[in-house]
Amino acid sequence: MPYLCRVSISGPEPDADGVSQMLDAVSDAIQAGWEAPRILSADDEDADAPDDDDSPDDAILDYRILGRPGGAIILVVLDGAGLMQTSLAATGLAQHLTTWSPGLLQYAPDEVKISKIDKPYDDENWLPPLDDDATKRPSWHLAELLEDQLQEIAAQYLIAHAIRSLWNPGAPPHQQRAWDVVAGAVEPPWGGQLSHALGVLLVRAARFEHQSGSQTKLVVQGEGSPDLAADLLRRARLSASEPETGWTDDEMLGHVLIERFMEEHQLLWNRVVDDEPPEATEERSDRQLRALLWAGLRALATMAAPLAHLTGPWQVLDTFGDDTIISILAQAEEEQNEEDAEEDAAELESAAAAHVLVWLTIRHPGLLDTPAGNALVQRAAQNNSSFHHVIHDALLMAGSGPLTAALAEQPAPARLRLGINAFVAALATTEHADTDEAADAYDDMNLALERILARGTGLAKRIRYLLAVTGLTARLTETDANPRRTIEGHVSTPQMLTHYMLLDPAMHATLILHQDINENAVLRTHILSLAAQVAPIAAGDLAAELPELEGDDPRLEPAARTRALGWIESALQVAHERGQRLSEEDNPDRSADAQTLVTAMTAGAELPDGWPIQRFVSAAAEAAASILHATGAANLAQDVFTDS
């Protein structure tokens, strides 16, 4: 039975050469072997026979020597005859190691442990190699391996990223970089680097604000004490209007600013208090560091607020200083953001056009034959990727039953029949097959759509056929052609289908933007603006289906009402700029609700306050769109509905 013997020896702490000599001597001692008493049993034959072998009966299977300050730990694997015999061998080894050579006489054993070992580490070793990756632990946090200059630049970048999130209080939690920066500052080396960078940036931001000649109130967004943030803001501004005499370096000025603020408010996070337990020191230090950073971030965000229009943190930093590296990064950031914005705009337009086409074919199919409807079809023909995914998901949710019935009423042209039949067969498989078969069927559906929507002559006509079939399929979801209409959650009406499509339009269009924004909210706004370009009634009916009008949050209705009024105000502003004066008389092209809002807004009369929010928003969208159409400015719908 193999046993692991652990022997520790201790003695004086030698220099580097002495350690090497000591480890070599221990290794030589083990390889030379040692004497150990033997426990005799009745089965031992020739027990009294002389034995000239000085080594123990236990075979040495493997050993390791681990040097440490003032000694060594020796691990030896012995193939012993039993626990008692191995214990004698281990004890003998401990004595042997400290007497074998003159260099080891200064050491004494201080620990002997024995345990069973079940199996070897690998085919060649019983013990893991000393350089085994599993035993390695980093000596430093990864960030600490960066050069000081890189750490300083990184800290400034993190702070600039953080204050940008404070300028956008409506951002979702995953975009709140300020919270992430403050929480992560407790990890080395970021506490010192961030507090240092904060001082430098506060000085530079105060100088920027002082030179611009304008001041704003302390930002509300963020955590921590408003009083602390206000005092640090006051001190930073004072450093710009009354600079310290004798210092011109921003790093020294920032250091003095932060140190004096910390001392005044007892935020000495980087100090060690006498007789304070380590756990209490860590807790106090982290708490005080967070308080300091929140005060600094809010003060910095306030003074740098005029830079909120910039598209990235490097550009913010470049405004404050003249660092060559930061300037290069800022220029690259600006160019990349401009390129990304152009790509995002194109992707948004493509996705919005696809959604509006599908929505129109279900809710207002006649509008597809208008000039604006035809323009959307042509846009989908130029880039049909989004249309492919949106039409795929609409038919998938409608189901194979209604689709089969629709194709019976409106058969596919001969050119499309093979692809359409393949799509229907794959769709039916997804509804009845197990997971593996369904996964293959989804691939088959996409391949079939790719064949149907292949680039070439007649693509616009093929898109129109798919739209016609999708509209008919949606209407058949509430008939006996849909066996799933009574199952909860399945589409059972055309309105339910368009509702599901608008719930997560980005997913249905596979839209992923470069900007870290709410793709669904932005896309729904673009969908609404495109519907407004097609016809006012389309804008009104689509606005009534917006998911943001539903929910228990009491803030939803006031926000939606304000937004809807903004549409009308923006449309009236467009009419005014074009020299158009709207008549307060009824317009036969408007619904009664839309006319009521237009009349009230133009005459300065009271608005109806008893309408349900869906009714009010629908009327407002139709009213705004009708104003644009009446003034020949339907192409400005995106500006009206996006910027309001």
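General remarks:
- Spacing of the modelled spin labels on A32 and E147, each 7 Å from Cα toward Cβ, amounts to 5.2 nm.
- Average accessible area per residue (Å²) across region 328-457 - probe 1.4 Å, nucleic acids and ligands excluded: 47 Å²
- DSSP-assigned coil residues among trypsin sites (Lys or Arg not before Pro) in region 377-481, each with at most 12 further Cβ atoms within 10 Å: R455
- Among the GluC sites (Glu not before Pro) in region 233-282, those located in a DSSP loop and surrounded by at most 16 other Cβ atoms within 10 Å of their own Cβ are E244.
- Two-site label geometry, D443 and D110: point separation in nm, points 7 Å out along Cα→Cβ: 6.5 nm
- In the chain, the longest principal axis of the Cα atoms and the axis of helix 459-476 are about 90 degrees apart.
- Estimated dipole of the chain in Debye, rounded to 20 [Cβ of Lys and Arg +1, of Asp and Glu -1, Cα centre]: 4540 debye
- FRET efficiency, 1/(1 + (r/R0)^6) with R0 22 Å, evaluated for E349 and D516 via beta carbons: 0.65
- Part-to-part distance (alpha-carbon centres) for region 287-349 and region 506-522, which is given in Å: 22 Å
- Region 77-132 and region 390-427 have Cα centres separated by 76 Å.
- Listed values (1) -0.56, -0.92; (2) -0.44, -0.71; (3) -0.63, -0.86, entry calculated as log10 I(q)/I(0) by the Debye sum over Cα atoms at q = 0.06, 0.08 Å⁻¹: (3)
- Taking the C-alpha atoms only, the angle from helix 414-432 to the longest principal axis of the chain is near 50 degrees.
- Rounded to whole Hz, the Karplus (6.51, -1.76, 1.60) HN-Hα couplings of region 238-243, x for glycine and proline: 5, 5, 7, 7, 10, x
- Pairwise FRET efficiency - T562 versus V256, Cβ, R0 = 56 Å, nearest 0.05: 0.75
- Tilt relative to the chain, helix 519-534 - C-alpha long axis, 0 to 90 degrees, to 10: 10 degrees
- In a DSSP loop and with at most 16 other Cβ atoms within 10 Å, the GluC sites (Glu not before Pro) in region 520-567 are E550.
- For region 376-385, putting each phi into the Karplus relation 6.51 cos²θ - 1.76 cosθ + 1.60 with θ = phi - 60° gives couplings of 5, 5, 5, 5, 5, 5, 6, 9, 9, 4 Hz, in residue order, rounded to whole numbers and with x for Gly and Pro.
- Backbone N within region 191-210 under 20 Å of label point (7 Å from E276 Cα along the Cβ vector): 191-196
- Net lengthening on full extension, M1/E431 (0.36 nm per residue, minus Cα-Cα): 148.7 nm
- Simple label model, 7 Å out from Cα along Cβ direction - R284 to R234, nm: 2.7 nm
The values are calculated or read from the model by the stated rules, or taken from the named source; none is laboratory data. On a predicted model such as this, the values are computed, not experimentally measured, just so you know. Using ideal geometry, Cβ is built from the backbone for each residue, glycine included, and neighbour counts are taken over all protein chains shown. Note: accessible area is taken over every heavy atom of the protein model, side chains too, but ligands, DNA and RNA are not part of it. Shrake-Rupley method; radii C 1.70, N 1.55, O 1.52, S 1.80 Å.
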